[in-house]
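The values are calculated or read from the model by the stated rules, or taken from the named source; none is laboratory data. Quick caveat: nothing in here was measured; it's all calculated off a predicted structure. Note: ideal-geometry Cβ built from the backbone for every residue, glycine included; neighbour counts use all protein chains shown. Heavy atoms of the whole protein, side chains included, go into the accessibility calculation; ligands, DNA and RNA do not. Shrake-Rupley method; radii C 1.70, N 1.55, O 1.52, S 1.80 Å.
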Amino acid sequence: MIAIRPAEPADLSAISALDTRLTGQAKAVYWQDMLARYAGGPPERHFLVAETSRGALAGFIAGEVRAWEFGQPPAGWVFAIQVDPRLRLKGAGSALFEALAARFKAQGVTHVRTLVDRKDHLILSFFRAQGMVAGPSLQLDKELP
């Protein structure tokens with residue numbers, strides 16, 4: 001059984017440890033800043049965690065409603081999601097996504113967006129399983145010398 005709740009500052013250690021394990025990069029200061037800005041922050045910002053029945057962190061998701069970027073109507077944006085690999089395919093990621101999407105919908109938006117690396121087949125498959133498809137925007141990129 002997975003329970004979804006808003007993230008709290010006390011979750012920093014578990015969030016940072018999970019992210020470090022999955023990305024290979026320690027970013028505790030980044031996650032501390034994200035929690036400060038998103039956990040209990042303005043109503044358009046959301047940071048949720050999934051917990052097991054024993055209270056262990058199963059994963060987290062963060063996003064916000066962004067309005068009118070490049071002429072687009074307001075949309076919910078997912079900018080981070082991580083799930084403990086031992087709990088993948090057990091519904092934690094889907095529960096997190098659904099909870100965030102419900103919050104976005106309650107705020108009146110009709111679309112959820114995100115950016116993914118086209119080579120990251122795991123996250124692409126996850127978002128496609130949530131019903132996401134290519135959107136109206138095209139990411140442009142330039143390497144700075």
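Stretching the chain fully between Thr52 and Arg118 yields a gain of 20.7 nm (0.36 nm per residue, less the alpha carbon separation).
In terms of packing, defined here as the mean over residues of other Cβ atoms within 10 angstrom, the peptides 1-7, 85-91 line up highest first as 1-7, 85-91. Projecting label points 7 angstrom from Cα along Cα→Cβ for Lys105 and Tyr30 puts them 3.1 nm apart. Straight Cα distances below 16 angstrom link Lys119 to none of the lysines, with same-chain residues fewer than 8 positions distant left out. Computed from the C-alpha gyration tensor, the three semi-axes of the ellipsoid equivalent to the chain are 23, 18, 17 Å, from longest to shortest. Figure note: Tyr30, Tyr38 ranked by solvent-accessible area, largest first, 1.4 Å probe, ligands and nucleic acids not counted: Tyr30, Tyr38. Across segment 29-145, the relative contact order, built from alpha-carbon pairs under 8 Å that are at least six residues apart, equals 19 percent.
Here, segment 49-105 has an Rg and a Dmax of 13.4, 45 Å when only alpha carbons are counted.
R0 = 22 Å: FRET efficiency of Ala10 with Lys90, Cβ-based, nearest 0.05? In this case the efficiency is close to 0.35. For segment 19-58, averaging the sequence separation of C-alpha pairs within contact (under 8 Å, six or more residues apart) and dividing by the residue count gives a relative contact order of 19 percent. For the chain, the solvent-accessible area of protein heavy atoms averages 64 Å² per residue (probe radius 1.4 Å; ligands and nucleic acids excluded). The helix-only estimate of mean residue ellipticity at 222 nm for the chain, built from DSSP H runs of length n ≥ 4 each weighted as -39500 (n - 2.57), is -10000 deg cm²/dmol after division by the residue total.
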